[in-house]
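This report concerns only the one structure given below.
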Amino acid sequence: MRKLQFLTLLIFTVSSSNFLFGEEVKNIKEEKSLKEASPFIPFTGKITANKVRIRANADLDSPIISQINKDELVLVVGEKGNYYAVKPFEDSKVYVFRTYIIDNVVEANKVNIRLKPDNNSPILGQLKNKEKVNGSVYKKDGKWLEIAPPENVCFYISKEYISSSGDISHYGLMKERKEEVSKLLNSAFFITQAECKKPFNEMDPKKAISQFEAIIKGYSDFPEFVQQAKEGLSLLQDNYLQKKIVFLETKANIAPEEKEEIFKDVSSYKSKEDKKSYSYFSNQNISSNMKHWLPLEEELYNKWTTFHPNRSPEDFYNEQKANCIKLSGTVSAYDQNVKNKPGDYLLKNDSIPQGYLYSTHVDLSKYVGKKVSLILSPRPNNNFAFPAYYVNSIE
């Protein structure tokens, strides 16, 4: 009797355990199924490194389509393993065999879309029967049709090189801004080119200057355009200045007071304002490890006064602060004895350099090894590996 009771109890215990374990497995499967069923939410991705490879498929053995650089944006529409699926760029082209396309309509099922006009090229997707396509005959091989990638075609980028920059609408907004700044930059360079062909007394560079400055101040989210705008502005300033010097040298019969008025904003001639500038930069009471940057700062100030006559060095630095950027990190010494180095210090974030630093306002030697927030103005980096900055102040 006792054996029968024990056996009954054992069967009940095992049955209960199996029931509980089965429920637990069922719950895990349901959670996993629910997780897998969750739709992917597209977003705007930002590239976090230079020369990031875009691949035809989501694996390392897949062909490389192209490369993309840091801060560029992509539209992320899915994921596959360690890769994000991104929409192809607008100028991307793919290829289909012309035999299967009649009057822009697909006349076969599962027509391969290939990366290149070659039967051995990777297959990126397929077209369905009766699907409409718009394209043009590939000039180098008439057997192929060149088309824009259909909706079902994606390219792939490793997840480690993409960060979220906003929702899907952000991509469209940034695309519009990029078109705006591109048009503005092209217009500024077109005007600059036209003005530089004129004699000095006919030049009117104000519109080009206004457009370059609008890019520098208003489009910091497009650093490549900002850099081009700075280069264009510098080119215009140098050309204007040189033509002004030549104009003054050839115009010997003008009245002394008129000549003095014209000389005020020409850095090569020492007017009263120039003497003030010279006094400002030569009499700065700063530590010896900062003084070697004064000639560069004076040169930048003199270029600035070409289009800002009768303005003081204090005005120059006030404008620098008004258009500054803010970065945080740890200051470290950059004591390598190399020619044309763009700074005496480096700003690092988690040991990764963010830029070279120098200053004639802040003694950076006091902040070596410390984590700080800096108010910075861009400076020429002389083609070194990282951007260069002038430190206006430390918060």
Phi to ³J(HN,Hα) by Karplus 6.51 cos²θ - 1.76 cosθ + 1.60 over segment 346-363, Hz, x for Gly, Pro:
10, 9, 10, 10, 6, 6, 9, x, 9, x, 8, 10, 7, 6, 10, 10, 10, 7
Pseudo-spin-label distance S66 to K230, built 7 Å along Cα→Cβ, given in nm, is 2.6 nm
Nearest-0.05 FRET efficiency for N186 and N134, computed from C-beta distance (R0 30 Å)
0.60
FRET efficiency estimate (nearest 0.05) - Cβ-Cβ, N382 to D118, R0 35 angstrom:
0.20
Can you sort D350, D315, D344 by 1.4 Å-probe accessible area, starting with the largest?
D350, D315, D344
Sorted by accessible surface (1.4 Å probe, heavy atoms of the protein chains only), largest first, S359, S187 come out as S187, S359
Tell me, what HN-Hα J-couplings in whole Hz come from the Karplus equation 6.51 cos²θ - 1.76 cosθ + 1.60 at θ = phi - 60° for each residue of segment 210-227, using x for Gly and Pro?
4, 6, 4, 5, 4, 5, 4, 8, x, 10, 5, 6, 10, x, 5, 6, 4, 4
Per-residue SASA entry for K70, accessible area with 1.4 Å probe, Å² rounded to 10
110 Å²
Could you pull the Cα extents of segment 342-386 along its three principal axes, largest to smallest, in whole Å?
27, 26, 16
Residue by residue through segment 122-128, the couplings from Karplus 6.51 cos²θ - 1.76 cosθ + 1.60 with θ = phi - 60°, in Hz, x for Gly and Pro, are x, 8, 9, x, 9, 9, 8
Area accessible to solvent at E179, 1.4 Å probe radius, in Å²:
90 Å²
Using Cα pairs closer than 8 Å and at least 6 residues apart in sequence, work out the relative contact order for segment 303-349, in percent.
30 percent
The long-range amide H neighbours of K80, using H built 1.01 Å from N in the peptide plane and a cut-off of under 5 Å, are A85
Could you report the accessible area of T250 in Å², rounded to 10, computed with a 1.4 Å probe on the protein chains as they sit in the structure?
110 Å²
P(r) histogram, all alpha-carbon pairs of segment 84-149 included - 5 Å bins from 0, percent
4, 19, 30, 28, 14, 5, 1
For a quick check: with amide H placed at 1.01 Å from N, whose amide H comes under 5 Å from Y389's, ignoring anything fewer than 5 positions away on the same chain?
Y356, L357, Y358, R379
FRET efficiency for K143 and N310 from the Cβ-Cβ distance with R0 = 56 Å, rounded to 0.05, comes out at 0.20
Segment 287-395: percent of C-alpha pairs farther apart than 18 Å?
47 percent
Largest-first ranking of K207, K230 by accessible area, probe 1.4 Å, whole protein assembly kept, is K207, K230
Calculated log₁₀ intensity ratio I(q)/I(0) where the Debye formula runs over C-alpha points of segment 77-227, q = 0.11, 0.13, 0.15, 0.19 Å⁻¹:
-0.68, -0.81, -0.90, -1.08
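The values are calculated or read from the model by the stated rules, or taken from the named source; none is laboratory data. Predicted, not measured: the structure shown is a model, and the values here were computed from it. For neighbour counting, all protein chains shown are included, and Cβ atoms are generated from backbone atoms with ideal geometry for every residue, glycine included. When the accessible area is computed, the model is the full protein with side chains, heavy atoms only, and any ligands, DNA or RNA have been set aside. Shrake-Rupley method; radii C 1.70, N 1.55, O 1.52, S 1.80 Å.
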